[in-house]
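**Student:** Before anything else, here's the structure in question.
The values are calculated or read from the model by the stated rules, or taken from the named source; none is laboratory data. Keep in mind that this is a model prediction, so the values were computed, not measured. All Cβ positions, even for glycine, are placed from backbone atoms using ideal geometry, and neighbour counts span all protein chains on display. For accessibility, only protein heavy atoms count, side chains too; no ligands or nucleic acids. Shrake-Rupley method; radii C 1.70, N 1.55, O 1.52, S 1.80 Å.
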Amino acid sequence: MIKKILIFSLVSSTIHADMVEQNFVNDVAKVVLMGSQKSFESGAHDLKSTEEMKTIFAAFRYNFESTDDLNIYLNAAGGVAKLTTSDPLVGNVGDYAKLEAMNFELGGGVRYKIDSSSYIAVGGGVIYSQIDPSFTYNNALTLPNRTRIDALYNSSDALDVYTYQANIKYDYETNINGYEPYVTAFLGYFSSDVDGLDERSNSTLAHIKTGIYSPELVKILNLPFKVEAYAQETFLMGDIKENMDTSNITQVGMAFHLYTDTLIKYVNNVYFDVNYVTGENIEGFHMGVSAKF
(Lines give C-alpha, C1' and ligand atoms only; values in the text may rest on other atoms or scores of the structure.)
Protein backbone atom coordinates (compact mmCIF):
# COMPACT_ATOMS: atom_id res chain seq x y z
CA MET A 1 0.00 0.00 0.00
CA ILE A 2 2.81 2.38 0.84
CA LYS A 3 4.46 1.62 -2.49
CA LYS A 4 1.28 2.51 -4.39
CA ILE A 5 0.92 5.82 -2.57
CA LEU A 6 4.54 6.69 -3.31
CA ILE A 7 4.10 6.00 -7.02
CA PHE A 8 0.97 8.15 -7.15
CA SER A 9 2.76 10.99 -5.40
CA LEU A 10 5.62 10.95 -7.90
CA VAL A 11 3.25 11.02 -10.86
CA SER A 12 1.32 13.95 -9.39
CA SER A 13 4.52 15.91 -8.83
CA THR A 14 5.65 15.30 -12.43
CA ILE A 15 2.34 16.51 -13.87
CA HIS A 16 2.44 19.64 -11.74
CA ALA A 17 6.02 20.41 -12.82
CA ASP A 18 4.99 20.06 -16.47
CA MET A 19 2.19 22.57 -15.92
CA VAL A 20 4.67 25.03 -14.40
CA GLU A 21 6.75 24.78 -17.57
CA GLN A 22 3.72 25.03 -19.88
CA ASN A 23 2.37 28.11 -18.07
CA PHE A 24 5.80 29.71 -18.28
CA VAL A 25 6.08 29.02 -22.02
CA ASN A 26 2.57 30.42 -22.59
CA ASP A 27 3.54 33.63 -20.77
CA VAL A 28 6.67 33.86 -22.93
CA ALA A 29 4.59 33.45 -26.09
CA LYS A 30 2.19 36.18 -24.94
CA VAL A 31 5.08 38.61 -24.47
CA VAL A 32 6.46 37.72 -27.91
CA LEU A 33 3.15 38.09 -29.76
CA MET A 34 1.94 41.24 -28.00
CA GLY A 35 5.38 42.76 -28.52
CA SER A 36 5.67 42.08 -32.24
CA GLN A 37 2.28 41.68 -33.97
CA LYS A 38 0.00 44.33 -35.46
CA SER A 39 -2.99 42.43 -34.08
CA PHE A 40 -2.00 44.23 -30.87
CA GLU A 41 -1.21 47.86 -30.22
CA SER A 42 2.03 49.27 -28.82
CA GLY A 43 1.53 50.88 -25.41
CA ALA A 44 0.54 49.95 -21.87
CA HIS A 45 -2.28 47.46 -21.28
CA ASP A 46 -3.92 46.25 -18.09
CA LEU A 47 -4.37 42.49 -18.39
CA LYS A 48 -6.75 41.24 -15.70
CA SER A 49 -6.43 43.20 -12.44
CA THR A 50 -2.95 41.95 -11.58
CA GLU A 51 -1.05 42.08 -14.87
CA GLU A 52 0.40 44.87 -16.97
CA MET A 53 1.94 44.61 -20.43
CA LYS A 54 4.08 47.39 -21.90
CA THR A 55 5.17 47.13 -25.54
CA ILE A 56 6.71 49.19 -28.28
CA PHE A 57 7.58 47.89 -31.73
CA ALA A 58 7.99 48.97 -35.33
CA ALA A 59 7.11 46.93 -38.43
CA PHE A 60 8.33 47.34 -42.02
CA ARG A 61 7.18 45.80 -45.28
CA TYR A 62 8.56 46.10 -48.79
CA ASN A 63 6.70 44.98 -51.91
CA PHE A 64 9.01 44.21 -54.82
CA GLU A 65 7.77 45.65 -58.10
CA SER A 66 6.47 43.24 -60.69
CA THR A 67 5.13 43.45 -64.23
CA ASP A 68 2.30 41.01 -63.52
CA ASP A 69 -0.29 40.54 -60.76
CA LEU A 70 2.03 38.45 -58.57
CA ASN A 71 4.88 39.93 -56.57
CA ILE A 72 7.17 39.07 -53.66
CA TYR A 73 7.30 40.97 -50.39
CA LEU A 74 9.60 41.04 -47.36
CA ASN A 75 8.69 42.16 -43.87
CA ALA A 76 10.65 42.85 -40.71
CA ALA A 77 9.84 44.04 -37.20
CA GLY A 78 11.61 44.79 -33.95
CA GLY A 79 10.43 45.72 -30.49
CA VAL A 80 10.53 45.28 -26.76
CA ALA A 81 7.89 44.10 -24.29
CA LYS A 82 7.56 43.79 -20.53
CA LEU A 83 4.98 41.72 -18.63
CA THR A 84 4.59 42.11 -14.86
CA THR A 85 2.14 40.26 -12.62
CA SER A 86 1.45 40.00 -8.90
CA ASP A 87 -0.57 36.80 -9.36
CA PRO A 88 1.50 34.53 -11.63
CA LEU A 89 -0.01 31.27 -12.83
CA VAL A 90 2.98 29.33 -11.49
CA GLY A 91 3.00 30.88 -8.00
CA ASN A 92 0.83 32.33 -5.24
CA VAL A 93 -1.04 35.59 -4.87
CA GLY A 94 1.55 38.12 -3.76
CA ASP A 95 4.40 36.57 -5.72
CA TYR A 96 5.83 38.84 -8.41
CA ALA A 97 6.86 37.67 -11.88
CA LYS A 98 8.44 39.72 -14.64
CA LEU A 99 9.21 38.86 -18.27
CA GLU A 100 11.16 41.26 -20.48
CA ALA A 101 11.57 40.53 -24.19
CA MET A 102 13.49 41.81 -27.19
CA ASN A 103 11.83 40.62 -30.41
CA PHE A 104 13.19 40.57 -33.96
CA GLU A 105 11.02 39.33 -36.84
CA LEU A 106 11.91 38.49 -40.44
CA GLY A 107 9.55 37.08 -43.02
CA GLY A 108 8.13 37.30 -46.48
CA GLY A 109 5.78 35.81 -48.99
CA VAL A 110 3.89 36.37 -52.20
CA ARG A 111 1.10 38.85 -52.90
CA TYR A 112 -1.52 38.48 -55.64
CA LYS A 113 -3.45 41.42 -57.11
CA ILE A 114 -7.06 40.29 -57.37
CA ASP A 115 -8.27 43.50 -59.03
CA SER A 116 -7.51 47.21 -58.96
CA SER A 117 -8.70 47.51 -55.35
CA SER A 118 -7.79 44.28 -53.57
CA TYR A 119 -4.85 41.99 -52.81
CA ILE A 120 -4.30 38.70 -51.06
CA ALA A 121 -0.96 37.69 -49.57
CA VAL A 122 0.38 34.42 -48.16
CA GLY A 123 3.56 34.36 -46.13
CA GLY A 124 5.54 33.14 -43.18
CA GLY A 125 8.50 33.99 -41.03
CA VAL A 126 10.32 33.59 -37.75
CA ILE A 127 10.54 35.78 -34.65
CA TYR A 128 13.71 35.53 -32.59
CA SER A 129 13.34 36.71 -29.01
CA GLN A 130 15.57 37.08 -26.00
CA ILE A 131 13.59 36.71 -22.79
CA ASP A 132 14.84 37.91 -19.39
CA PRO A 133 12.53 36.53 -16.65
CA SER A 134 12.57 36.98 -12.89
CA PHE A 135 10.44 35.75 -9.98
CA THR A 136 10.09 37.09 -6.43
CA TYR A 137 8.35 34.96 -3.80
CA ASN A 138 5.81 35.82 -1.15
CA ASN A 139 7.76 34.79 1.96
CA ALA A 140 4.59 33.87 3.84
CA LEU A 141 3.97 30.90 1.57
CA THR A 142 6.11 28.13 0.11
CA LEU A 143 5.81 26.49 -3.29
CA PRO A 144 6.24 22.76 -4.03
CA ASN A 145 7.94 23.56 -7.35
CA ARG A 146 10.21 26.37 -6.18
CA THR A 147 13.30 24.69 -7.62
CA ARG A 148 11.64 24.38 -11.02
CA ILE A 149 10.39 27.98 -10.93
CA ASP A 150 13.88 29.23 -10.06
CA ALA A 151 15.33 27.26 -12.96
CA LEU A 152 12.86 28.90 -15.36
CA TYR A 153 12.73 32.46 -14.03
CA ASN A 154 15.84 33.17 -12.01
CA SER A 155 18.64 31.86 -14.20
CA SER A 156 21.41 34.35 -14.89
CA ASP A 157 21.18 33.76 -18.66
CA ALA A 158 18.58 35.16 -21.05
CA LEU A 159 16.42 32.61 -22.86
CA ASP A 160 16.37 32.17 -26.65
CA VAL A 161 12.88 31.83 -28.10
CA TYR A 162 11.95 31.05 -31.71
CA THR A 163 8.40 31.67 -32.89
CA TYR A 164 7.47 30.29 -36.30
CA GLN A 165 4.49 31.69 -38.15
CA ALA A 166 2.35 31.20 -41.25
CA ASN A 167 -0.22 33.80 -42.29
CA ILE A 168 -2.65 35.01 -44.89
CA LYS A 169 -3.82 38.60 -45.38
CA TYR A 170 -6.46 40.35 -47.49
CA ASP A 171 -6.40 44.09 -48.33
CA TYR A 172 -9.10 46.18 -49.96
CA GLU A 173 -8.95 49.92 -50.59
CA THR A 174 -10.76 52.28 -52.93
CA ASN A 175 -11.45 55.96 -53.52
CA ILE A 176 -14.94 57.48 -53.38
CA ASN A 177 -15.15 61.22 -54.01
CA GLY A 178 -11.78 61.75 -52.39
CA TYR A 179 -12.50 59.54 -49.39
CA GLU A 180 -10.47 56.32 -49.12
CA PRO A 181 -12.27 53.49 -47.29
CA TYR A 182 -10.34 50.27 -46.65
CA VAL A 183 -10.65 46.80 -45.14
CA THR A 184 -7.86 44.46 -44.03
CA ALA A 185 -8.21 40.93 -42.72
CA PHE A 186 -5.42 38.83 -41.22
CA LEU A 187 -5.09 35.24 -40.01
CA GLY A 188 -1.85 33.91 -38.55
CA TYR A 189 -0.68 30.73 -36.80
CA PHE A 190 2.23 30.97 -34.34
CA SER A 191 4.28 28.27 -32.62
CA SER A 192 6.77 29.32 -29.92
CA ASP A 193 9.71 27.16 -28.85
CA VAL A 194 11.80 28.12 -25.79
CA ASP A 195 15.34 26.77 -26.18
CA GLY A 196 15.97 23.89 -23.77
CA LEU A 197 12.32 23.29 -22.81
CA ASP A 198 10.04 20.49 -23.97
CA GLU A 199 6.76 22.42 -23.90
CA ARG A 200 5.62 24.60 -26.80
CA SER A 201 2.93 27.26 -27.16
CA ASN A 202 0.64 27.31 -30.20
CA SER A 203 -1.69 30.23 -30.90
CA THR A 204 -3.81 31.69 -33.68
CA LEU A 205 -4.47 35.40 -34.15
CA ALA A 206 -6.98 36.98 -36.52
CA HIS A 207 -8.10 40.55 -36.98
CA ILE A 208 -10.42 42.57 -39.19
CA LYS A 209 -9.80 46.31 -39.53
CA THR A 210 -12.00 48.82 -41.32
CA GLY A 211 -11.34 52.51 -41.72
CA ILE A 212 -11.51 55.56 -43.94
CA TYR A 213 -9.12 58.37 -44.88
CA SER A 214 -10.48 61.84 -45.46
CA PRO A 215 -9.55 63.89 -48.53
CA GLU A 216 -6.73 66.39 -48.07
CA LEU A 217 -8.06 68.89 -45.53
CA VAL A 218 -5.28 71.48 -45.39
CA LYS A 219 -1.58 71.81 -46.12
CA ILE A 220 0.92 72.13 -43.28
CA LEU A 221 4.35 73.34 -44.35
CA ASN A 222 3.11 72.64 -47.88
CA LEU A 223 2.50 68.98 -46.96
CA PRO A 224 -0.94 67.31 -47.30
CA PHE A 225 -2.83 66.65 -44.08
CA LYS A 226 -5.54 63.96 -43.72
CA VAL A 227 -7.57 62.37 -40.93
CA GLU A 228 -8.22 58.62 -40.54
CA ALA A 229 -10.92 56.93 -38.46
CA TYR A 230 -10.79 53.18 -37.87
CA ALA A 231 -12.02 50.19 -35.85
CA GLN A 232 -10.44 46.77 -35.41
CA GLU A 233 -11.64 43.50 -33.93
CA THR A 234 -8.99 40.97 -32.92
CA PHE A 235 -9.75 37.30 -32.26
CA LEU A 236 -7.52 35.08 -30.08
CA MET A 237 -7.42 31.29 -30.33
CA GLY A 238 -5.29 28.53 -28.87
CA ASP A 239 -2.89 29.00 -25.96
CA ILE A 240 -2.95 32.80 -26.01
CA LYS A 241 -6.73 32.78 -25.60
CA GLU A 242 -6.45 30.56 -22.53
CA ASN A 243 -3.52 32.54 -21.11
CA MET A 244 -5.18 35.96 -21.52
CA ASP A 245 -8.64 34.58 -20.66
CA THR A 246 -10.21 36.51 -23.51
CA SER A 247 -11.33 35.62 -27.03
CA ASN A 248 -11.61 39.04 -28.69
CA ILE A 249 -10.32 42.62 -28.36
CA THR A 250 -11.93 45.78 -29.75
CA GLN A 251 -9.94 48.82 -30.82
CA VAL A 252 -11.25 52.19 -32.06
CA GLY A 253 -9.22 55.25 -32.90
CA MET A 254 -8.33 58.26 -35.01
CA ALA A 255 -5.05 59.20 -36.67
CA PHE A 256 -3.88 62.54 -38.08
CA HIS A 257 -1.56 62.09 -41.05
CA LEU A 258 1.02 64.47 -42.50
CA TYR A 259 2.31 63.17 -45.83
CA THR A 260 6.08 63.59 -45.99
CA ASP A 261 7.11 61.50 -49.01
CA THR A 262 8.06 64.63 -50.96
CA LEU A 263 10.62 65.43 -48.24
CA ILE A 264 11.76 61.93 -47.24
CA LYS A 265 11.54 59.41 -50.06
CA TYR A 266 10.86 56.27 -48.01
CA VAL A 267 8.59 57.81 -45.36
CA ASN A 268 5.07 58.02 -46.77
CA ASN A 269 3.61 59.87 -43.79
CA VAL A 270 3.99 60.57 -40.09
CA TYR A 271 0.91 60.60 -37.89
CA PHE A 272 -0.44 61.19 -34.41
CA ASP A 273 -2.64 58.29 -33.30
CA VAL A 274 -5.20 58.15 -30.48
CA ASN A 275 -7.04 54.91 -29.76
CA TYR A 276 -8.81 52.92 -27.09
CA VAL A 277 -8.48 49.15 -26.63
CA THR A 278 -10.95 47.11 -24.63
CA GLY A 279 -11.96 43.50 -24.11
CA GLU A 280 -12.44 40.91 -21.42
CA ASN A 281 -9.38 41.23 -19.10
CA ILE A 282 -7.63 43.86 -21.24
CA GLU A 283 -7.85 47.63 -21.41
CA GLY A 284 -5.62 50.42 -22.70
CA PHE A 285 -5.65 54.00 -23.97
CA HIS A 286 -2.90 55.01 -26.37
CA MET A 287 -1.49 58.23 -27.77
CA GLY A 288 1.61 58.34 -29.89
CA VAL A 289 3.49 59.41 -32.99
CA SER A 290 4.15 56.84 -35.71
CA ALA A 291 5.31 56.63 -39.32
CA LYS A 292 4.35 54.64 -42.40
CA PHE A 293 7.06 53.55 -44.82
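**Student:** Return the total of residues in segment 63-87 being within 26 Å of the chain's Cα centre (by Cα), of a type in the set (S, T, N, Q) and open to solvent by 60 Å² or more (accessible area, probe 1.4 Å).
**Tutor:** 0
**Student:** Consider Gly107 against the criteria (1) under 30 Å from Asn71 (Cα atoms); (2) part of a loop (DSSP other than H, G, I, E, B): it satisfies all of them except one. Which criterion is unmet?
**Tutor:** Of everything listed in (1) under 30 Å from Asn71 (Cα atoms); (2) part of a loop (DSSP other than H, G, I, E, B), Gly107 misses just condition (2).
**Student:** Name the residue, out of Leu187, Leu205, that is at negative phi, under 14 Å from the mean Cα position of the chain (by Cα) and open to solvent by 50 Å² or more (accessible area, probe 1.4 Å).
**Tutor:** Leu187
**Student:** Let me ask something additional. What about Glu180, is it surrounded by 15 or more Cβ atoms within 10 Å (Cβ to Cβ) and in contact (Cβ under 8 Å) with a residue 40 or more places away in the chain?
**Tutor:** Against the criterion (surrounded by 15 or more Cβ atoms within 10 Å (Cβ to Cβ) and in contact (Cβ under 8 Å) with a residue 40 or more places away in the chain), Glu180 does not qualify.
**Student:** Related question: Name the residue that is modelled with the highest pLDDT, counting only residues in segment 127-155 that are small (Gly, Ala, Ser) and under 20 Å from Asp198 (Cβ atoms).
**Tutor:** Across segment 127-155, the extreme among qualifying residues is Ser129.
**Student:** What residue, of Glu65, Glu51, is under 19 Å from Leu236 (Cα atoms) and not aromatic (Phe, Trp, Tyr)?
**Tutor:** Result: Glu51 is the single residue among Glu65, Glu51 that is under 19 Å from Leu236 (Cα atoms) and not aromatic (Phe, Trp, Tyr).
**Student:** Within segment 219-255, which residues are touching a residue at least 24 places away in the same chain (Cβ under 8 Å) and over 25 Å from Met287 (Cβ atoms)?
**Tutor:** Phe235, Met237, Gly238, Asp239, Ile240, Lys241, Glu242, Asn243, Asp245, Ser247
**Student:** Another question, then. Which residue pairs have Cβ atoms under 6 Å apart, sit 6 or more places apart or on different chains, and have a first residue in segment 130-153 that is open to solvent by 70 Å² or more (accessible area, probe 1.4 Å) and a second that is at pLDDT 75 or above?
**Tutor:** Close Cβ pairs (under 6 Å, with a partner that is at pLDDT 75 or above) amount to Gln130/Met102; Gln130/Ala158; Asp132/Glu100; Asp132/Ala158; Thr136/Tyr96; Leu141/Asn92; Arg148/Val20.
**Student:** Moving on. Those residues that are over 14 Å from the mean Cα position of the chain (by Cα) and either among the basic types (Lys, Arg) or crowded, with 16+ Cβ neighbours inside 10 Å (or both), I need them from segment 221-237; list them, please.
**Tutor:** Leu223, Pro224, Phe225, Lys226, Glu228, Tyr230, Gln232, listed by residue number.
**Student:** Oh, and also: Across segment 239-252, what is the total count of residues that are crowded, with 19+ Cβ neighbours inside 10 Å and either within 23 Å of Val28 (Cβ to Cβ) or among the aliphatic types (A, V, I, L, M) (or both)?
**Tutor:** Adding up the residues that qualify gives 5.
**Student:** Then there is this: Please identify the pairs in which a residue from segment 185-196 that is among the acidic types (Asp, Glu) has its Cβ atom under 6 Å from the Cβ atom of a residue that is open to solvent by 30 Å² or more (accessible area, probe 1.4 Å), counting only partners at least 6 apart or on another chain.
**Tutor:** Once the first residue is among the acidic types (Asp, Glu) and sits in segment 185-196, its partners that are open to solvent by 30 Å² or more (accessible area, probe 1.4 Å) give Asp193/Tyr162; Asp193/Arg200; Asp195/Asp160.
**Student:** How about segment 86-140: which of its residues are hydrophobic (A, V, I, L, M, F, W, C), over 24 Å from Ser36 (Cα atoms) and out of contact with any Ser or Thr (no Cβ under 8 Å at 6 or more places or on another chain)?
**Tutor:** Val90, Ile114, Ala140
**Student:** Taking the condition of being assigned to a strand (DSSP E or B) and surrounded by 14 or more Cβ atoms within 10 Å (Cβ to Cβ), how many residues in segment 253-282 meet it?
**Tutor:** 15
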